[in-house]
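Coordinate-derived values only; no laboratory data. A quick note: this is a predicted structure, and the numbers were derived from the prediction, not measured. Positions of Cβ are generated from backbone atoms using ideal geometry, with glycine treated the same way; all protein chains shown enter the neighbour counts.
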């Protein structure tokens, strides 16, 4: 029985190492953890002084986890998991300057799309119905970063 416990311990460690080197394959970690738990349970139940095996497993697993964190911090997985540069958000444009202006739809507004205001293209929404392309629209409301338009009559 002790051979089975040690074999399961080795299988668990191998699968945890595979998870470390091939991240994203979730079943490697699951199989490794299950193998370690089954090994510990079998050792406690069927091996005399099985607690020593469980203590050894705990030391090995703690060492593995420590090594894994050092590896991740040192390598940062070649920049795949940890962003090393800062991102700056563009300033929020004050769209209230478009209030009352007229423009032409560039795309269908179903209910949202693009409108051209004298060469400035912005995202806009209709106040309900679908507005076809190349229709003249007027801004009736601005909400923080959103424009609501309606079709100009006689269009």
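Quick check: pseudo-label points 7 Å beyond the Cα along Cα→Cβ at residue 4 and residue 118, how many nm apart are they?
About 8.4 nm, to one decimal.
With a Förster radius of 22 Å, plug the Cβ-Cβ distance of residue 66 and residue 44 into 1/(1 + (r/R0)^6) and report the FRET value to the nearest 0.05.
Working: r = 24 Å, r/R0 = 1.11.
Here the calculated transfer efficiency is 0.35.
Tell me the relative contact order for the range 1-63 as a rounded percent, counting alpha carbon contacts under 8 Å between residues six or more apart. Each step should come with its number before you reach the end.
Working: 58 pairs, mean separation 22.9, N = 63.
That works out to 36 percent.
Relative contact order of the range 95-151, please, whole-number percent, based on alpha carbon pairs below 8 angstrom and at least 6 residues apart. Spell out each step's value before the answer.
On the way: 141 pairs, mean separation 21.4, N = 57.
Relative contact order comes out at 38 percent.
Using alpha carbon centroids, what distance separates the range 93-155 and the range 41-70, in Å?
Cα centroid to Cα centroid, the span is 66 Å.
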